Amino acid sequence: IDYTLTTQTSPVAVVVTPAAASIPSGGSQQLAAQVTNATNTAVTWSASAGMVTASGLFTAPSVTADFQVIVTATSVADTSKSARAVITVTAPIQHSVLLQWQVSPSSDIQFYSAYRSLNSGGPYSLLASAITGLGYTDSSVQSGTTYYYVVTATNSTGEESADSAEVSAAVPNP
């Protein structure tokens, strides 16, 4: 009796971990690739946006809206075999502070000015002047910071009123 033994090799397979992640704009994520059923376990990395190093360190692009990036690890032993990770790049949160006030009781008001400080009681720096409405949006605030505001009114002869009552705004983090 003759016996013939045939072995069937398993196909090369690639797995990337983590398979999905969420990172902030400009942030980084270390990825790992595992190649099975091949003596050469090396991979080449590529990304649909951002950058990925030969060691699998992905650096996200800077984005203004949430964005998905596909990072792919391709087997060097069998380039038809690859795996991918889906990375969601999250845009930074842009906070703002809306200031609103009541009309001045003086009938001769030409405009208002808004002032801001990092300290309660001042000193205050001019944030905006020649405001003709009853509100102003401060879009230059930073996350995790508390700001203190006052408003003044200026009449037609250029006289500026005393500061209004101070208000504070704590900007959330992030």
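Here are the numbers for this structure:
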{"read-out": "Sulfur and carbon atoms: percent of accessible area, the chain [1.4 Å]", "value": "51 percent"}
{"read-out": "Exposure rank, largest accessible area first [F58, F67; 1.4 Å]", "value": "F67, F58"}
{"read-out": "Region 23-92 versus region 111-146: alpha-carbon centroid distance in Å", "value": "43 Å"}
{"read-out": "Solvent exposure, largest accessible area first (probe 1.4 Å, DNA, RNA and ligands not counted), of R84, R116", "value": "R84, R116"}
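The values are calculated or read from the model by the stated rules, or taken from the named source; none is laboratory data. As the structure is a computational prediction, the values presented were derived from the model and not from experiment. All accessible areas refer to the heavy atoms of the entire protein, side chains included, with ligands and DNA or RNA removed. Shrake-Rupley method; radii C 1.70, N 1.55, O 1.52, S 1.80 Å.
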